[in-house]
């Protein structure tokens, strides 16, 4: 039996078209300057266009893109407001404080309504309190079970920020999943934020990489900060060529959503597994488990199904290109055995 690895869509493999694009990029001379490579230039133009912004800059990781955005919009000592369990708080090793020098004010919910954002920014800063400099939205929200956020909600939050003179940043690592889930083009979800981060490897399948989009002025500043942080990767031809090929098929992410929905439906029928049910689901399935998480993860691994422990009482499955119907069936069968009393070490 093959291993069904649901740990992350970071494991998405490149398509044949992407491999061919990378091979073609290897056959031509490398470029030296930070934005000289023709595939990188074309990729950055395409990203800016699809996100509805003036410019975009290739990044090694989405974490670096998020942190550069905070450094663009905030000064040390400022505050950043974000939803509960936002990636910048849970998974970036304290970088908002260490690199941008900001404090995080997390709201109480994963998907707070606009009123909660309004309450968070009510009142003026003074000498005793940090200035709120940035509102950060995460779409999709990883720890909310991959929930997508509608354009109307985004618009309302951006409106609140503008009335208060506060910048906005969209952590859109999985923005293409969100666009599919809510039935709009990515630009509709991204264009009105001051800056937007996207991942090029989650789901899309580039070998690695991300991008930060915004105005030409902000991207020019981001180029300097990226270099300061050691992110001025060169040569970029292989990555950029693969990412350009990936964009041609981003609508195929809908297949991942369909498989994730089938997995959610099946888990919902099993005792001891309670999957989250976001209003706008995507490719992530987070399930509450009755048994200790470590035992469930080990029991699944013993049955050749790999998942991620995801906080107290929870595990996470992520569906991506390369996860097949057979893999979903294998995961469901393994969970059914555990629900029926299988304790793990051997199936």
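Here, each number is a calculation from the coordinates, and none is a lab measurement. The model shown is predicted, which means the values in this text are computed figures rather than measured ones. Glycine gets a Cβ as well: all are built from the backbone with ideal geometry, and neighbour counts include every protein chain shown.
Quick check on packing: order 113-123, 54-64 by the mean number of other C-beta atoms within 10 Å, highest mean leading.
Those peptides, ordered most packed to least, come out 54-64, 113-123.
Please sort 4-14, 317-327 by packing, taking for each peptide the average over its residues of neighbouring beta carbons within 10 angstrom, highest first.
Descending mean neighbour count gives 317-327, 4-14.
If each of residue 7 and residue 324 carries a label point 7 Å out from its Cα toward its Cβ, how far apart are those two points in nm?
Distance between label points: 2.1 nm.
Would you give the gap between the C-alpha center of the stretch 247-325 and the C-alpha center of the stretch 124-197, rounded to a whole Å?
Centre-to-centre (Cα) distance: 25 Å.
Roughly speaking, what is the stretch gain from residue 294 to residue 184, that is 0.36 nm per residue apart minus the C-alpha to C-alpha distance, in nm to one decimal?
Here the segment from residue 294 to residue 184 would lengthen by 35.7 nm.
Quick one: pull the percentage of alpha-carbon pairs in the stretch 28-160 with a separation above 17 Å.
Counting pairs separated by more than 17 Å, the tail of P(r) holds 66 percent.
Considering all projection directions equally, how large on average is the shadow of the alpha-carbon convex hull of the stretch 206-338, in square nanometres?
Approximately 11.0 nm², given one-decimal rounding.
Hey, with R₀ at 35 Å, roughly what FRET efficiency would residue 261 and residue 127 work out to, going by the Cβ-Cβ distance, to 0.05? All intermediate terms of the calculation are to be shown ahead of the outcome.
Numbers: r = 52 Å, r/R0 = 1.48.
Efficiency at R0 = 35 Å is approximately 0.10.
For the stretch 216-288, taking Cα atoms only, what is the radius of gyration to one decimal and the Dmax to the nearest whole Å?
Just the Cα atoms of the stretch 216-288 yield Rg and Dmax of 19.7, 54 Å.
What shape does the stretch 108-190 have by the C-alpha gyration tensor, where a ≥ b ≥ c are the square roots of the eigenvalues, rounded means a/c under 1.5, and otherwise prolate means a/b greater than b/c and oblate the rest?
prolate
If you project the alpha carbons of the chain onto their three principal axes, what span does each projection cover, largest first, in Å?
Sorted from largest, the Cα extents of the chain read 58, 57, 35 Å.
Percent relative contact order of the stretch 16-247, based on C-alpha pairs within less than 8 angstrom and at least six residues apart? Don't jump to the answer; show the numbers that get you there.
Numbers: 442 pairs, mean separation 74.2, N = 232.
Relative contact order comes out at 32 percent.
Would you calculate a helix-derived [θ] at 222 nm for the chain, using -39,500 (n - 2.57) for each DSSP H run of n ≥ 4 and dividing by the full residue count, to the nearest 500?
-12000 deg cm²/dmol
If you take the square roots of the eigenvalues of the alpha-carbon gyration tensor of the stretch 89-145 and sort them as a ≥ b ≥ c, do you get rounded (a/c under 1.5), prolate (a/b over b/c) or oblate?
oblate
What order, most packed first, do the peptides 137-144, 220-227, 255-262 have when packing is the mean number of other Cβ atoms within 10 Å of each residue? The partial results should precede the final answer.
On the way: 137-144: 25.9, 220-227: 17.0, 255-262: 18.5.
Averaged packing, sorted descending, gives the order 137-144, 255-262, 220-227.
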